[in-house]
Amino acid sequence: MLEIISSSENGLCSGDSIIPGCWVRLIMPTDEEIARVSRELKLNPDDLKILLDEEELPRLEHEETYTLVLVDTPYKKNEEDITSYQTIPAGFVIIQDIILTISLRRNQILDKFASGNVKNFNPAKQYRFLLQFLYANAGLFVQNLRLIDKRTRELEKHLRRATRNEELFQMLNLSKSLVYITNSLKGNTSVLEKFTRFSAAADILSETEKDLLDDTILENRQAFEMAQNYSATISSTVATFASIISNNVNGIMKIFTFATVLLTIPMLIAGFFGMNVIVPFSGDSISFWAIIGISCTVSALIMILIYRQFMR
């Protein structure tokens, strides 16, 4: 999908031609759309296709004719009634007075820009547009991290009542999500640091934009620290519940072992007196009750011994 958005007196408007000051937006582009944009902007189409790789790492590259910025953005993925939080690259290419964005799926932050719901947005201000996106992107990471923390607390309440595999798998899924988010935020942090050095050397930002860059760095740093803390918390929680499960299993095994020993003693005594040989009390009328009494006494003594040694 190809969109060309520019600013006018009446707000944002869409067009068919790439003109100075416009925003060229590629969403899941076809080969024809990539070829057209590459031809008109004099870019290598292979460089654009690389930006669609989900495994591509965040980076900033400054060439003679353009500046490329690739960052990770978060999104929620629902699969089999389980929500996971993942990240996907979003690419920005600034070519003189034109900005190009390219992504493998629709980006909710860019959708807000395209719909005109972002204050002071002007596609012709390429670097301010980039900084506004980066600030909103860091805020979206924080929002998703809070959702993860809320979901973790809900799962903890369920696990305290009854330990089930379903909740444990969801906790594991959230733990994996936090790993992805932490790595993405780390990569975005390196991009922001490099952009700070680049913008200072090129002197391309106004004072307002420099303040926005500082706010973006702080927001991204906050998100990174939150991700680290939540990741450590959920790892500790999973380890704790694993220990609880192991302890519960040990307790159940103790009970089964205890019951097995108690049942084995009467069976052993009954087996001795059930042999086809001459045994004590064979001619006594109360032999049955005597054997039962002996079995119960021995079982009781062993039960007391086991309880004092292992069950307390």
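The values are calculated or read from the model by the stated rules, or taken from the named source; none is laboratory data. This one's a predicted model, so the numbers in the text were calculated from it and none came from an experiment. For neighbour counting, all protein chains shown are included, and Cβ atoms are generated from backbone atoms with ideal geometry for every residue, glycine included. Protein only, heavy atoms only, side chains kept; ligands, DNA and RNA dropped before computing areas. Shrake-Rupley method; radii C 1.70, N 1.55, O 1.52, S 1.80 Å.
What to note about this one:
- Among the strands (runs of 3 or more DSSP E) confined to the range 1-106, the ones with at least 2 residues that are within 34 Å of the chain's Cα centre (by Cα) and at pLDDT 85 or above are located at 2-8, 23-27, 59-62, 67-79, 82-95, 98-103.
- Residue pairs whose Cβ atoms lie under 7 Å apart, sitting 6 or more positions apart in sequence or on different chains, and linking a residue in the range 86-100 that is over 20 Å from residue 39 (Cβ atoms) and touching a residue at least 60 places away in the same chain (Cβ under 8 Å) to a partner that is among the hydrophobic types (A, V, I, L, M, F, W, C) and surrounded by 22 or more Cβ atoms within 10 Å (Cβ to Cβ), are 87/181.
- Filtered residue count, the range 263-312, keeping only those that are under 24 Å from residue 247 (Cα atoms), modelled with pLDDT under 75 and outside any loop (DSSP other than H, G, I, E, B): 6
- Candidate set: the range 172-190, residues that are buried (at least 20 other Cβ atoms within 10 Å of the Cβ) and among the aliphatic types (A, V, I, L, M); chosen: the one nearest to residue 68 (Cα to Cα): 185
- Subset tally (residues that are open to solvent by 10 Å² or more (accessible area, probe 1.4 Å) and out of contact with any helix residue (DSSP H, G or I) (no Cβ under 6 Å at 6 or more places or on another chain)) for the range 18-34: 9
- Residues that are more than 18 Å from residue 74 (Cβ to Cβ) and buried (at least 16 other Cβ atoms within 10 Å of the Cβ) within the range 199-216 comprise 199, 205, 209, 212, 213, listed in sequence order.
- Some residue of the range 107-122 being open to solvent by 30 Å² or more (accessible area, probe 1.4 Å), touching a residue at least 24 places away in the same chain (Cβ under 8 Å), under 20 Å from the mean Cα position of the chain (by Cα) and closer than 25 Å to residue 186 by Cα: yes
- Number of residues in the range 83-102 that are buried (at least 20 other Cβ atoms within 10 Å of the Cβ) and of a type in the set (Ser, Thr, Tyr): the value is 3.
- Any hit, the range 85-99, residues being within 30 Å of residue 175 (Cα to Cα) and charged (D, E, K, R): no
- Near pairs, Cβ below 8 angstrom, 6+ apart or cross-chain, from the range 129-141 (open to solvent by 20 Å² or more (accessible area, probe 1.4 Å)) to any residue that is of a type in the set (S, T, N, Q): 132/120; 135/216
- The residue that is modelled with the lowest pLDDT, counting only those in the range 116-146 that are polar (S, T, N, Q) and in contact with a strand residue (DSSP E or B) (Cβ under 8 Å, 6 or more places away or on another chain), is 122.
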